[in-house]
Amino acid sequence: MQAQIVDTKGKETGKLDLQDKIFGEKPQRTFLHEYVTIYLANQRTGQHKVKTRTEVSGGGRKPWKQKHTGRARAGSIRSGLWRHGGIIHSPKNGKVRRELPRQKARLALSQALTARYNAGGLVFVENLTVEEAKTKNVAAILKALGCDKRTILVVDAPDAKLTQAARNIPDVCIMLAGDLNAYAVLRSRKLVMTRSAVEKLGARWN
């Protein structure tokens with residue numbers, strides 16, 4: 001499986017060999033939905049908390065006597081059945097992490113990359129280096145490559161100049177090949193991957 005590889009000006013420079021186990025996995029909507037659900041659940045901070053009947057202020061005495069009032073029995077005005085009362089079966093504070101096997105996460109990434117490749121959203125370049133850390137340099141590269149919204153630049157190693165030049169462009173982020181995940185791929189419209197990033201990505205499957 002081969003793909004076209006270009007330079008930063010959008011001119012073809014050759015072909016790039018792609019591994020079928022990374023870019024040729026058939027996407028499954030149900031499986032990807034499961035991965036995204038678990039991924040987003042694990043991003044939550046777990047600070048959700050409401051008060052139970054023991055934590056709501058007031059309600060220290062019995063509202064009325066137990067019998068002979070014609071009304072239902074009540075022990076506290078802060079019961080969960082009352083207005084301004086505590087919450088029954090309330091969520092507790094604390095993050096609950098849902099584990100996902102590494103092989104399933106890797107398979108989800110393969111399916112996401114395949115889906116993005118089939119949709120024409122993958123662009124392979126020789127490199128993404130810039131001489132000066134200026135926003136106009138990265139903007140010119142993105143324009144030449146036909147990338148406008150929700151673009152991820154995938155590189156193999158951190159580049160301070162590239163990061164500084166791209167940080168002011170909306171909907172553009174830089175990710176390392178080792179940090180790439182299926183959710184980021186599915187959320188983006190374009191992925192610009194360098195040759196070395198593709199090679200490093202392939203090392204994750206070996």
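The values are calculated or read from the model by the stated rules, or taken from the named source; none is laboratory data. Keep in mind it's a predicted model, so treat the numbers as computed, not measured. Here Cβ is always computed from backbone atoms with ideal geometry, including for glycine, and neighbour counts include all displayed protein chains.
Return the residue satisfying two criteria in turn: it lies in the range 176-193 and is in contact (Cβ under 8 Å) with a residue 60 or more places away in the chain and not in a loop (DSSP other than H, G, I, E, B), and of such residues it is nearest to ARG106 (Cα to Cα).
ALA182
What pairs come out if I take residues in the range 74-90 that are under 10 Å from VAL56 (Cβ atoms) and pair them with residues that are among the acidic types (Asp, Glu) whose C-beta lies under 8 Å away, six or more apart or interchain?
So the pair list comes out as GLY86/GLU55.
Which residues, counting only those in the range 1-13, are among the hydrophobic types (A, V, I, L, M, F, W, C), loosely packed, with under 14 Cβ neighbours inside 10 Å and not in a loop (DSSP other than H, G, I, E, B)?
Answer for the range 1-13, where residues must be among the hydrophobic types (A, V, I, L, M, F, W, C), loosely packed, with under 14 Cβ neighbours inside 10 Å and not in a loop (DSSP other than H, G, I, E, B): there is none.
So which residues in the range 14-23 are surrounded by fewer than 14 Cβ atoms within 10 Å (Cβ to Cβ) and touching a strand residue (DSSP E or B) at 6+ places or on another chain (Cβ under 8 Å)?
GLY14, LYS15, ASP17
Where the second residue is part of a helix (DSSP H, G or I) and the first is assigned by TED's automatic domain parsing to the domain that holds LEU180 and lies in the range 140-156, which pairs have Cβ atoms under 6 Å and are six or more apart or on separate chains?
VAL154/ALA177; VAL154/ALA197; VAL155/ALA197; ASP156/ALA177; ASP156/SER196; ASP156/ALA197; ASP156/LYS200
Do you know which residues across the range 100-130 are in a loop (DSSP other than H, G, I, E, B) and free of Cβ contacts under 8 Å to residues at least 12 places away in the same chain?
PRO101, ALA119, GLY120
For the range 185-194, state whether one or more residues are surrounded by fewer than 16 Cβ atoms within 10 Å (Cβ to Cβ), within 20 Å of the chain's Cα centre (by Cα) and assigned by TED's automatic domain parsing to the domain that holds VAL6.
Yes - at least one qualifying residue is present in the range 185-194.
Got a number for residues in the range 24-36 being in a helix (DSSP H, G or I) and either surrounded by 13 or more Cβ atoms within 10 Å (Cβ to Cβ) or at positive phi (or both)?
Of the residues in that region, 5 qualify.
Go through the range 131-170 and report how many residues are loosely packed, with under 14 Cβ neighbours inside 10 Å and in a strand (DSSP E or B).
0
When you look at ASN137, is it free of Cβ contacts under 8 Å to residues at least 40 places away in the same chain and of a type in the set (S, T, N, Q), yes or no?
It is true that ASN137 is free of Cβ contacts under 8 Å to residues at least 40 places away in the same chain and of a type in the set (S, T, N, Q).
Check the range 26-37 and report whether any residue there is in the same structural domain as VAL192 (by TED's automatic domain parsing), more than 20 Å from the chain's Cα centre (by Cα) and touching a residue at least 12 places away in the same chain (Cβ under 8 Å).
yes
Which residue, of LYS136, LYS67, is modelled with pLDDT of 90 or more, outside the structural domain of THR8 (by TED's automatic domain parsing) and either of a type in the set (Lys, Arg) or within 24 Å of the chain's Cα centre (by Cα) (or both)?
Matching residue, one of LYS136, LYS67: LYS67.
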